[in-house]
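Some notes on the structure that comes next.
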Amino acid sequence: MTDHGEDPLLRIRGLTVSFRTPTGAVEAVRGIDLDVRAGETLAIVGESGSGKSQTMMATMGLLASNGAAAGSVRFRGQELLGAGAAVLDRVRGSRITMIFQEPMTSLDPLVRIGDQIALPLRHHGGLSRRAARARAIELLTLVRIPEPERRIGAFPHELSGGQRQRVMIAMALAMKPDLLVADEPTTALDVTIQAEILALMAELKREMGMGLVFITHDLGLVRRIADRVAVMRAGEIVELGEVEEVFARPRADYTRMLLAAEPHGLKAPLAADAPVLLEATDVTVDFALPAPFLRPKPVFRAVDRVSLTLRRGETIGVVGESGSGKSTLGRALLRLLPASGSVRFEDRALLPLDRDAMRPLRKSMQLVFQDPFGSLSPRLTVGEIVTEGLLVHRPDLTRADRDRRAAEALTEVELDPAARNRYPHEFSGGQRQRIAIARAMILAPKLVVLDEPTSALDRSVQKSIVELLRRMQAEKGLGYLFISHDLAVVRAMADAVLVMKDGRVVEAGPRDEVFRAPVADYTRRLIAAAVLN
């Protein structure tokens, strides 16, 4: 724990943040007070829209052009709010640095990672090109990137998600900052990579004696990494205190709700006589890799002889790290990727079927994607999105029929049917995922592949989506293939679990057996890395 008698590294008093919009001003932060001390980790938690990220963006002078901040933000006694560009340029990137949530959008895709790490070293530190390169290799070694001398010349797309996040950490630590701000740095990472990143940040914080502000919506991570926690809701701090005190005796109703928001309960047991819906045997997916001219193309095996049986009303959870083949398997089972082996849907062999023969079956086999904002067309209304499949599979329906069915589908996923006349950008992430589910369910499918449908959502929203999916499955007898790296959600959703690594199944069995007594070392590592209450 830190010495609370010393002066704070960062002192925020009466901070307000507002944004000008066509419909008037929106208050994102409402007069908050916060302190961060050297060597301390302060976690700021809350759901999307609570103001936690905008608090630190205002602190660093990084608000959008329509944003305005008032109050006081003092860093080592120097006022930053309202300071000129010259002052902020001296502080940002050297004494205060920030790790953003999505490294792929924060890293320049056209610049090699070594050059991106070297940039602050040359700009703030005055290092030569050669010295900056040498320091960049040291930093890649520090954040445990394998083969740093070779990786320094890689582009961001050539690295995994965990490696890209490590590069972001290396950039943030390049100038040995006094304060590091980490904004949801592990949200999209696998549990094992997440655990490694958290351990790395804690170790580097201890070694460098810096303050750390950790922004997250996951209270499980807060307990693992933080000394103190500030809970934010609607731009205000509703609770602030030592982590153990807040977890043991939360005072605010909102904090208690967040603590209880992890998906819980178990799916109702599967009927013993449930018929087989999907049966796959030795499914294999190969991808040809680029090769020099006139040379044979090497083959990458993404899925290697995977077998499974899914019954009506059953959920099989497919877990594993990024690159394990989970999503590729899901798409192969739906005949969206070429595969070998055998796939039978309701006792009909799918792999021999051509595109025309598959079309009548498509309405019975649906897919819900990880990112609803990316999978929903911004140019179509919600009603048009939800009924898009009906244009193909029910061309006999009139516009009025489709509109009525859109209203019914939105009601079924607990959205206002009037929302069908609005556009995706007008909804929250959880609401957009409900729209994506409605689009799949309007065709009355029998099999739904759910590919990371909750990974980008707040815990409270995850819980509501899990409850929605369980209810719809019970009512309709749906079979789910539930792909996720979030073991808490898988535990709440699945009857059986399939654990994949490097394209192969390393463990499979009933949910309780896999979670309570895993056989494979890899499964044990996944469970140990997850924050499971």
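The values are calculated or read from the model by the stated rules, or taken from the named source; none is laboratory data. Everything quoted here is computed from the prediction, not taken from an experiment. Note that we place each Cβ from the backbone using ideal geometry, even for glycine, and neighbour counts take in every protein chain shown. Remember, those area values only see protein heavy atoms, side chains included, never the ligands or the DNA or RNA. Shrake-Rupley method; radii C 1.70, N 1.55, O 1.52, S 1.80 Å.
List of remarks:
- Cα gyration tensor shape of the range 363-483, rounded if a/c is under 1.5, else prolate or oblate by comparing a/b with b/c: oblate
- Computed 3J(HN,Hα) for the range 33-43, one whole-Hz value per residue from the Karplus formula 6.51 cos²θ - 1.76 cosθ + 1.60 where θ = phi - 60°, is 10, 8, 10, 10, 9, 4, x, 9, 10, 9, 9, glycine and proline marked x.
- Rounded, prolate or oblate (a/c below 1.5 giving rounded, otherwise prolate when a/b exceeds b/c) for the range 69-142 by Cα gyration tensor: prolate
- Spatial offset of the range 299-342 relative to the range 92-139 amounts to 38 Å, using the alpha carbon center of each.
- Taking a ≥ b ≥ c as the square roots of the eigenvalues of the Cα gyration tensor, an a/c ratio of 1.5 or more together with a/b no larger than b/c marks the range 209-315 as oblate.
- Radius 9 Å from Cβ of Met98, net charge of other residues (Lys, Arg +1; Asp, Glu -1): 0
- With DNA, RNA and ligands ignored, accessible area of His393 (1.4 Å probe; Å², nearest 10): 50 Å²
- Positive minus negative residues near Val303 (Lys, Arg vs Asp, Glu; Cβ under 13 Å): +2
- Structure-derived semi-axes √(5λ) of the Cα gyration tensor in Å - corresponding label in [x] 68, 29, 19; [y] 42, 29, 23; [z] 54, 31, 22: [y]
- Of all DSSP beta bridges confined to the chain, the antiparallel ones make up roughly 55%.
- Centre separation in Å (Cα based) which lies between the range 464-530 and the range 390-443: 28 Å
- Calculated FRET value between Glu245 and Phe19, using beta carbons and R₀ = 51 Å, to 0.05: 0.90
- Projecting the Cα atoms of Pro352, Tyr254, Ser364 onto the dipole axis of the range 226-366, where Lys and Arg carry +1 and Asp and Glu carry -1 at the beta carbon, places Pro352 farthest toward the positive end.
- Heavy-atom accessible area for Phe19, with the other protein chains in place and a 1.4 Å probe, reaches approximately 40 Å².
- With all protein chains modelled, accessible area of Lys476 [1.4 Å, Å²]: 80 Å²
- Relative to the current alpha-carbon distance between Asp108 and Thr381, full extension at 0.36 nm per residue lengthens the span by 95.0 nm.
- Between the range 66-83 and the range 349-378, the Cα center-to-center distance that results, in Å: 51 Å
- Using C-alpha pairs below 8 Å separated by at least 6 residues, the relative contact order for the range 455-514 is 23 percent.
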